[in-house]
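> For reference, the structure I am asking about is given below.
A short reminder: the numbers here are calculations on the coordinates, not readings from a lab. Nothing here was measured: the structure is a model prediction, and the numbers come from that model. A quick note on method: Cβ atoms are made from the backbone with ideal geometry, for glycine too, and the neighbour counts reach across all protein chains shown.
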Amino acid sequence: EKYGAEQIRISNVDSLIDKLHEEGIYVVARITVFQDPMLARARPDLAVHSKTEADSLWFDNMGLAWIDPAAKESWDYNIAIAKDAVNHGFDELNFDYVRFPSDGDLRDMSFPFWDEKVPKRLIIREFFKELRQELPDVKISIDLFGLSTVSSNDLGIGQIIEDGFENFDYVCPMVYPSHYADGFRGYQNPAEYPYEVVKYSMEGALRKLMIYKQSRETNVQLRPWLQDFDLGATYDAKMVRSEIQAVYDALGNDFNGFMLWNSWNYYTKGALEPE
């Protein structure tokens, strides 16, 4: 409300959370951070702008506006949202889009706060640390690009999986096979190889975590997002189950669950085992 970026979609969130808890459901609040069209419109001084179009926000390939990740006021804004969610009774806060943009005309971006000299990774890592510091007793999780499980660089967006290990309770790589480039690991269409892509990615994530634990103490858990939507291939129950099996096989005793992503909340019931 303070920022003019309020939109109430659930009239009584407390009642809803109480009902979910009565059913034994673990309730997670997903917070999209720097991809935030509503805040960008309300506070364009915090947003990424176009270099070529005067007084225009910059938009990604989906037509969505972004906040400059270096804008510290936007950090305060998202932390305030997080604390409010905790007060409403959410069991965990899941942070998404904690990164720099990855698509659209990236050369046309103008940042009001980032000087384009400080490495993106350092900005994102500092925000990770701020979240942990401000939410010390809260279960928090971070969504990362799937490629962060096997990459040694920040993918041009500022995400390094080890920075997630340092600051979160759960690290959630988005290992959607459809989001891997054609030719990845020799697969002409990675979306058609859900088991292979997910297993390779999560083995990479576990390997990185084991190396990290050799020098630092952490209780972080790996809990990936899996594809439950049709893109690149039809994801029926068999395809989704193969992803789930890949997580079991890759993590073994370090398995700590998974999450299914479908932007419409239409999930493949046949992919899940009865309780």
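> Would you point out which residue out of ASP103, ASP55 is loosely packed, with under 13 Cβ neighbours inside 10 Å, without any contact (Cβ under 8 Å) to a residue 60 or more places away in the chain and within 18 Å of ILE124 (Cβ to Cβ)? Quick ask: steps written out before the conclusion?
Numbers: ASP55 fails: within 18 Å of ILE124 (Cβ to Cβ).
Criteria check complete, one pass: ASP103.
> Kindly provide the set of residues from the stretch 6-50 that are more than 21 Å from the chain's Cα centre (by Cα), touching a residue at least 40 places away in the same chain (Cβ under 8 Å) and surrounded by fewer than 19 Cβ atoms within 10 Å (Cβ to Cβ), ordered by number.
VAL13, ASP14, ASP18, HIS21, ARG43, ASP45, SER50
> Something else about it: Those residues that are more than 23 Å from TYR176 (Cα to Cα) and not in a loop (DSSP other than H, G, I, E, B), I need them from the stretch 107-127; list them, please.
Across the stretch 107-127, the qualifying residues are ARG107, ASP108, MET109, SER110, LYS120, LEU122, ILE123, ARG125, GLU126, PHE127.
> Of the residues in the stretch 108-128, how many are within 19 Å of ASP55 (Cβ to Cβ) and either of a type outside the set (D, E, K, R) or out of contact with any strand residue (DSSP E or B) (no Cβ under 6 Å at 6 or more places or on another chain) (or both)?
Summing the residues that are within 19 Å of ASP55 (Cβ to Cβ) and either of a type outside the set (D, E, K, R) or out of contact with any strand residue (DSSP E or B) (no Cβ under 6 Å at 6 or more places or on another chain) (or both) in the stretch 108-128 gives 5.
> On to the next question. On the phi < 0 side of the Ramachandran plot, of a type in the set (D, E, K, R), surrounded by 14 or more Cβ atoms within 10 Å (Cβ to Cβ) and part of a strand (DSSP E or B) - does that describe any residue in the stretch 60-81?
Scanning the stretch 60-81 turns up no residue that is on the phi < 0 side of the Ramachandran plot, of a type in the set (D, E, K, R), surrounded by 14 or more Cβ atoms within 10 Å (Cβ to Cβ) and part of a strand (DSSP E or B).
> Just to be sure before I move on: is VAL13 among the aliphatic types (A, V, I, L, M) and in contact with a His (Cβ under 6 Å, 6 or more places away or on another chain) in the structure I sent?
For VAL13, the condition - among the aliphatic types (A, V, I, L, M) and in contact with a His (Cβ under 6 Å, 6 or more places away or on another chain) - is met.
> So for the stretch 256-266 (the condition being over 18 Å from SER141 (Cβ atoms), touching a helix residue (DSSP H, G or I) at 6+ places or on another chain (Cβ under 9 Å) and hydrophobic (A, V, I, L, M, F, W, C)), does at least one residue qualify?
no
> Still on this structure, please answer the following. Grab the strands (runs of 3 or more DSSP E) fully contained in the stretch 168-275, keeping just those with 1 or more residues being touching a Lys or Arg at 6+ places or on another chain (Cβ under 6 Å), among the aromatic types (Phe, Trp, Tyr) and in contact (Cβ under 8 Å) with a residue 12 or more places away in the chain.
Correct list: 170-174.
> ILE140 - would you say it is of a type in the set (A, V, I, L, M, F, W, C) and under 25 Å from VAL33 (Cα atoms)?
For ILE140, the condition - of a type in the set (A, V, I, L, M, F, W, C) and under 25 Å from VAL33 (Cα atoms) - is met.
> Quick test for you: out of GLU92, GLU73, pick the one residue that is acidic (Asp, Glu) and either in contact with a Lys or Arg (Cβ under 6 Å, 6 or more places away or on another chain) or without any contact (Cβ under 8 Å) to a residue 12 or more places away in the chain (or both).
GLU92
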